[in-house]
Amino acid sequence: MLAAVNPTKTAAWKALQVHHRQLKKVSIQQLFEKDSHRFEQFSLCAKDIVLDYSKNRITSETMDLLVALAKECEIEKSIQQFFSGDIINETENRAVLHTALRDFSGDPIKVNGKNVK
């Protein structure tokens, strides 16, 4: 089963709310004036795709708080359960097999010790 953590009840969520109240007073222009490398810090490039999130009210502190939220919600554990074939679909009481549908490698994907590929 996945961790049953309500993100809105975590310390990280409360910290994000405080951070949001502070950051909403700052303009995007001010953020760029303060950091000349903002685009490099808050964008990703993969082949011909560019994800530019520098033009959002986000700072390094925002990223740290989001990581803290993910940790409090046990996201890494949930991802591991997802990829290892654990039963995480509580409605149907079974593993989710999205990975088997999208994995074109020769590696086995096992559920209950059986390769489902």
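The values are calculated or read from the model by the stated rules, or taken from the named source; none is laboratory data. Note that this is a predicted model, so its numbers are computed, not measured. With ideal geometry, Cβ positions are generated from the backbone for all residues, glycine too; neighbour counts draw on all protein chains shown.
Within the range 34-117, considering only helices (runs of 4 or more DSSP H) that don't extend past its boundaries, which have at least 1 residues that are at pLDDT below 95 and surrounded by 13 or more Cβ atoms within 10 Å (Cβ to Cβ)?
On the way: elements: 38-41, 60-72, 75-83, 98-102.
Because the criterion is at least 1 residues that are at pLDDT below 95 and surrounded by 13 or more Cβ atoms within 10 Å (Cβ to Cβ), the helices (runs of 4 or more DSSP H) in the range 34-117 that meet it are 75-83, 98-102.
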Checking Gln22 against (1) assigned to a loop (DSSP other than H, G, I, E, B); (2) modelled with pLDDT of 95 or more; (3) not aromatic (Phe, Trp, Tyr): exactly one of these is not met. Which one? (1)
